[in-house]
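Engineer: Starting off with a structure, shown below.
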Amino acid sequence: MITLEDWALIRRLAADGVPKARIAQQLGISRTTVIKAVKSQAPPRYERTPGPTSFTVFEPAVRALLEEVPDMPATVLAERVGWAGSIRWFSGNVRRLRPENRPIDPADRLTWSPGDAVQCDLWFPPRRIPLEDGTTKLLPVLVMTATHSRFMTARMIPTRTTQDLLLGSWELIQQLGRVPRRLIWDNEAGIGRGHRRAEGVASFMGTLATKLVLLPPRDPESKGVIERRNGWYETSFMPGRSFASPADFNGQFTTWLTIANARVVRTIKAAPVDLIDADRAGMLPLPPVPLHLGWRNTIRLGRDYYVRVDTNDYSVDPTVIGAMVQVSADLERVRVRAQGRVVAEHARVWARGTTVTDPAHVHTAARLRKQFQQPRTVMDERDDLVRDLGEYDRAFGLTSTDGSS
């Protein structure tokens, strides 16, 4: 077999008009080889005839296991079939066989009607945000994108808990001004997974009269609209920015989204702000009743006049120690009420394990403690009440009507 260089030289000489016999004589090869090289349409390639290898005897058993469990790891397969050779060689052969047994999952092109759906997700910006106690943390951003208009809303939230996810969702839906007919989520634990819904999610969806769609695993196409935007946020919004606090992040991101929503989207050939009215027209009205969302708890206030929300403690007016108090918190404020009266209100802290104290509460506690520690005054015996013993006789009927005993 001739080399690739000889093959290229033969074809060049033949193209220049050199006779085939002279080419064969110059290269020291047969004329038949020259003729085959000139007539060939592809360069010569050495192909080794496949023969049996050390994996060949194990291949039927491996195929049987892959047909039953297509995703079985190569290490488990090697153990099951009794392989004792190189795991790298075995894994390479398994990699060759695995696609033959993996089921095909076609992806359809989806069309979105006006008002039909909003895709929801959590985006984690790759930059730590400074918090109240001086620490920094990677915080989640709740993002929503209307599938028809591609209109985007977003807000950074303190945690991934159900309470904060629902508070953030309600705030973003209010920004839209209408309720989409479907909210599409991708198995977020604070919302639900599979057929399970997190506590409070069903009542939230029922109040909005919307439908929650939890996507099955390995179905990225159904949420591709918002996934692409998450990547866009990191490449278009984040570069060159710094943030002093979560509020600063939300302010900058909201301003940027106003500009981004006015840009033309290539796939729909329109700007989201031009299509959002059509999206809203297909949505449902906001619920007429107020939504009771956020952190809520009812406890009896102890001598340690603090209540806990998430992982942080907040002081309460000590005058209501021993009474039942109602604790509520949203994304911004923490409030404590006793018999309908607000007895504490604080800005919500996003740091972890922090104690928030109102100086007025400390002053009140000191005053009450001083009053408690003062000795009690002893009543003078002369001021003691004296009861007439005749009253007991009359009470038990031991006296006559004229008063004689």
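Engineer: Within the stretch 139-169, what residues put their amide N at less than 18 Å from the label point 7 Å along the Cα-to-Cβ vector of L291?
Structural biologist: Inside the label zone: 141-147, 152-169.
Engineer: In the stretch 245-278, what trypsin sites (Lys or Arg not before Pro) fall in a loop by DSSP, with at most 10 other Cβ atoms inside 10 Å?
Structural biologist: Sites meeting the loop and neighbour criteria: R266, K269.
Engineer: For log10 I(q)/I(0) by the Debye sum over Cα atoms at q = 0.08 Å⁻¹, which listed value, (1) -0.47; (2) -0.75; (3) -0.40, comes from the coordinates shown?
Structural biologist: Computing log10 I(q)/I(0) by the Debye sum over Cα atoms at q = 0.08 Å⁻¹ and matching it to (1) -0.47; (2) -0.75; (3) -0.40 gives (2).
Engineer: Based on Cβ point charges of +1 for Lys and Arg and -1 for Asp and Glu, what charge dipole magnitude is obtained for the stretch 149-215 about its Cα centre, in debye rounded to the nearest 20?
Structural biologist: Dipole of the stretch 149-215, to the nearest 20 debye: 280 debye.
Engineer: Now a separate question. Kyte-Doolittle mean at least -0.5 and Cα extent at least 15 Å along the axis: which DSSP H helices of the chain qualify?
Structural biologist: Both cut-offs are met by 4-15, 162-176, 246-260.
Engineer: Tell me whether the stretch 12-74 comes out rounded, prolate or oblate; compute the Cα gyration tensor, take square roots of the eigenvalues as a ≥ b ≥ c, and use a/c under 1.5 as the rounded threshold.
Structural biologist: prolate
Engineer: Which one, T56, Q119, I35, is farthest towards the positive end of the dipole of the stretch 1-136 when Lys and Arg carry +1 and Asp and Glu -1 on their Cβ?
Structural biologist: I35
Engineer: Once you have a ≥ b ≥ c as the square roots of the Cα gyration tensor eigenvalues for the stretch 1-150, tell me rounded if a/c is under 1.5, and otherwise prolate or oblate according to whether a/b is larger than b/c.
Structural biologist: Cα axes put the stretch 1-150 in the prolate bin.
Engineer: Roll a 1.4 angstrom probe over the protein heavy atoms and tell me the percent of accessible area of the stretch 73-152 that is carbon or sulfur.
Structural biologist: 53
Engineer: About its Cα centre, what dipole magnitude does the chain give when the only charges are +1 on Lys and Arg Cβ and -1 on Asp and Glu Cβ, stated in debye to the nearest 20?
Structural biologist: Taking the Cα centre of the chain as origin, the dipole is about 2680 debye.
Engineer: Taking a ≥ b ≥ c as the square roots of the Cα gyration tensor eigenvalues, with a/c under 1.5 meaning rounded and otherwise prolate when a/b beats b/c, else oblate, which class fits the stretch 131-190?
Structural biologist: Here the stretch 131-190 falls in the prolate category.
Engineer: Given A260, A323, V289, which one lies farthest toward the positive end of the charge dipole of the stretch 256-334, if we put +1 on the Cβ of every Lys and Arg and -1 on the Cβ of every Asp and Glu?
Structural biologist: Among A260, A323, V289, the one farthest towards the positive end of the dipole of the stretch 256-334 is A260.
Engineer: Using only the alpha-carbon atoms of the stretch 257-371 as identical scatterers, what base-10 log of I(q)/I(0) does the Debye formula give at q = 0.17 Å⁻¹?
Structural biologist: Values returned for q = 0.17 Å⁻¹ are -0.83.
Engineer: Residues of the stretch 311-348 with backbone nitrogen within less than 16 Å of a virtual label 7 Å along the Cα-to-Cβ line of Q371, please, listed as ranges.
Structural biologist: 317-323
Engineer: Now for a separate question. Taking the Cα-to-Cβ direction at V76 and at T258 and moving 7 Å from each Cα, how far apart do the two end points lie in nm?
Structural biologist: 5.4
Engineer: Which one, T147, N93, T159, projects farthest toward the positive side of the charge dipole computed for the chain from Cβ point charges (K/R +1, D/E -1)?
Structural biologist: My answer, from the dipole projection, is N93.
Engineer: Just in the stretch 182-254: which trypsin sites (Lys or Arg not before Pro) are loop by DSSP and have at most 13 other Cβ atoms within 10 Å?
Structural biologist: R218, R241
Engineer: For the stretch 334-340, take each phi angle, set θ = phi - 60°, evaluate the Karplus expression 6.51 cos²θ - 1.76 cosθ + 1.60, and give the result in whole Hz per residue in order, putting x for glycine and proline.
Structural biologist: Working through the residues one at a time gives 10, 10, 10, 10, 10, 6, x Hz.
Engineer: Let me ask something additional. Relative to the Cα centre, what is the charge dipole magnitude of the stretch 220-346, using +1 at the beta carbon of each Lys and Arg, -1 at the beta carbon of each Asp and Glu, and rounding to the nearest 20 debye?
Structural biologist: So the magnitude is around 140 debye.
Engineer: Specify the inter-centroid distance of the stretch 171-198 and the stretch 292-351, based on alpha-carbon positions, in whole Å.
Structural biologist: The stretch 171-198 and the stretch 292-351 have Cα centres spaced 28 Å from each other.
The values are calculated or read from the model by the stated rules, or taken from the named source; none is laboratory data. Not measured: the values here are computed from a predicted model. Glycine gets a Cβ as well: all are built from the backbone with ideal geometry, and neighbour counts include every protein chain shown. Just the protein is used for accessible areas: all its heavy atoms, side chains included, with ligands, DNA and RNA removed. Shrake-Rupley method; radii C 1.70, N 1.55, O 1.52, S 1.80 Å.
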